[in-house]
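Values quoted throughout were computed directly from the atomic coordinates according to the rules given, and no laboratory measurement underlies them. No experiment lies behind these values; they were computed from the predicted model shown. Note: ideal-geometry Cβ built from the backbone for every residue, glycine included; neighbour counts use all protein chains shown.
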Amino acid sequence: MASLNHALRALLLGGVLMAPGAAIAHPDLATFVAAAFSKEPVTVDCTLENGVGAKCYEITVNYLPEGLKIGPFCPATLDDAGGIWHWTGENGGLYRVDAEFLKMLDGLGYRFFDDDGTVHVVDNATERPTVDHACINVSADETVKITMRLPVTPVMAETPTVLGVVGKVGVALDGVPIFSDAPSIQQTGHMPALDTCGGHIDPGGWYHWHATSTDIDTVFDQAKVGAHCALEQDSRALFGYAFDGYPMVGSTEMDGTAAAGLDQCNGHVGETALGVTYHYHASEEFPNLPGCLVGVQAQNNFSTTATAGIGATRAGEGGRNEPPRPDDGGPGHVPPGFDEAAASLGVTTDVLMQALGNPQGGRPDLAAAAENLGTTEAKLRAVLPPPPGR
């Protein structure tokens with residue numbers, strides 16, 4: 001513990017220095033909703049991503065917490081209102097998925113509906129879109145179990161891990177997995193709409209969030225979006241734990257004041273319900289999640305019994321499809337040369353791929369990727385392999 005405290009005291013992130021003697025909060029299994037787990041959590045031996053052996057809490061949850069109401073996602077027609085979407089193109093911002101938003105997209109060349117107002121809705125787990133632009137509404141698989149690992153004792157990393165698109169963020173207190181922002185319409189052509197709590201169903205059939213759902217109404221108020229999450233909203237409350245073991249809370253401190261002195265991962269050291277510790281705060285903009293994690297995650301910390309999607313361990317067995325995605329060589333595919341490029345940059349291949357977004361099938365923003373990786377664009381260009389065919 002002494003060496004960990006020393007590392008924490010020595011670490012400077014965004015101008016925030018860990019105070020000497022500050023407590024280190026461990027993930028507290030007692031803070032989870034009792035019904036969150038499909039079986040009793042256990043403590044197991046694990047290996048962190050830095051290669052160090054450690055102890056981890058292993059928790060297993062169902063495809064959806066009991067009693068959690070989800071949806072709507074996609075509207076059936078222009079007369080209906082669906083969930084929400086974070087549009088990143090012209091007129092970018094957070095929108096309710098309704099006629100006004102879909103007609104705006106239509107004006108930009110993204111047509112999601114027929115002339116009669118019927119919205120193109122596709123369950124891409126069981127069918128492939130036959131249109132250029134479809135609203136994705138995936139059916140659930142009630143048999144799926146999800147297993148996650150959290151370090152018992154959080155360890156600060158030498159450099160933060162950039163989460164990128166659909167990066168693993170953590171787990172909420174009710175057992176719902178949390179992921180960073182979903183793929184953009186510009187990347188896939190389709191819209192995997194979120195409900196008004198910021199969640200949707202993975203192609204594997206399990207529900208997850210792309211937002212701090214217990215403080216998402218703060219985002220709706222800031223963006224002037226006519227939406228409301230049915231979950232109890234509390235900007236001061238503990239939401240869950242990031243996969244590095246550090247707690248995630250709403251956008252304010254425990255006394256309701258605005259969080260101040262936050263680092264680039266939207267975290268700092270301060271008082272929480274778990275004591276004084278490093279913790280992440282939700283932001284007031286969507287996605288209201290940390291964009292990076294300061295701690296070290298466990299290897300193999302996320303798996304599912306699903307036959308498709310993130311963490312699938314029985315891929316291809318159950319007839320479910322992977323989501324529409326650019327021509328990237330298939331799910332989990334790493335183009336030749338990217339392992340070596342990541343090693344030369346001193347990051348993992350996952351971090352490099354997340355920063356680039358879609359290095360093979362799309363055109364990554366190398367300047368933005370270099371900034372996220374803490375390097376220069378020139379160095380990034382120098383280590384990346386040439387595009388196929390060149």
Over the range 209-265, what relative contact order in percent results from Cα pairs under 8 Å that are six or more residues apart? 27
Restricting to Cα pairs under 8 Å and 6 or more apart, the percent relative contact order of the range 26-159 works out to 27
What lysines could a cross-link reach from residue 69, if we take a straight Cα to Cα line under 26 Å and drop same-chain neighbours fewer than 8 places away? 39, 145, 168, 224
Could you please rank 66, 232, 253, placing first whichever residue has the fewest other Cβ atoms within 10 Å of its Cβ? 232, 66, 253
